[in-house]
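Please treat every number below as a calculation from the coordinates, not as lab data. Just so you know, these numbers come straight off a predicted model, no measurement behind them. For neighbour counting, all protein chains shown are included, and Cβ atoms are generated from backbone atoms with ideal geometry for every residue, glycine included.
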Amino acid sequence: MTNILSDRDANLSTKQAKRFALIALGLMILLGIPIWLAFVLKSRVLLIAAAALALGCCNANVQEQKFAGSFHANDSAESHGGVEWAGEYSATLTVREKSGDLALTFSIGLGDPLKVHQFTISDFRQTPNDMEFMINGQRARLHFTERDSIWNGQYNHHFTANKSSKPAEQVGELPIKVFDGFGVHYYVELRLKPVEPAQAMSSILEVRSSDGGLR
């Protein structure tokens, strides 16, 4: 009799153990699914955050270049010709990688005939001797002028381009057609320097000096 009871108790214990094991397994599954989902979601959030951080770092590594200077225009075909209108503008060029904007702000003159004052820049390229870019689809090429002969040295160490009818004073290439409001016969001149001239300009002069390019 005692053996029968012991066997029955053992069977009950085994059944209870299996039941408890099944219950525990069910709880683990039920609890494990949301934990796993949370882990997956958390991983995705981390991946997204890491990707955003990487993109931010890449953008931060893209150096923004800024140039400032002036822009001159008159209704003569040359820099110092007899004119009825002449004007000066402050000029700012901001470039990030190969694209950016050129902004002209009217400062001196009897009225402002220029209709558009901000221009889209693309395909920007700079060397110690030249600066090239497309301005509203037209190519411009500014030459680094060590000694300014047009304005008696006023714009030494500038990247300069103009559009003149006098071959002797022609510098670089500057398309007149993009400056809506000016006649095709107008003289125009753009002069730009790096916004941080102490570092940038010394680098340019150093490279030009080592290449024998000073002029």
- Task: Return the distance in nm (one decimal) between the two label points of a simple spin-label model at Val195 and Glu64, each offset 7 Å from Cα along Cα→Cβ.
- Result: 0.6
- If we count every other residue with Cβ under 11 angstrom of Phe71's Cβ, Lys/Arg +1 and Asp/Glu -1, where does the sum land? -1
- Take the alpha-carbon centre of region 121-152, take the same for region 158-182, and report the distance between them in whole Å. 10
- Determine, from the Cβ-Cβ distance of Arg96 and Asp148 and an R0 of 22 Å, the FRET efficiency 1/(1 + (r/R0)^6), rounded to the nearest 0.05. 0.15
- Determine the gain in length on full extension of the stretch His80-Lys115; use 0.36 nm per residue of separation and subtract their C-alpha separation, reporting nm with one decimal. 10.2 nm
- Message: Suppose we keep just the alpha-carbon trace of region 64-211; what are its Rg and Dmax in angstrom?
- Response: 14.7, 45
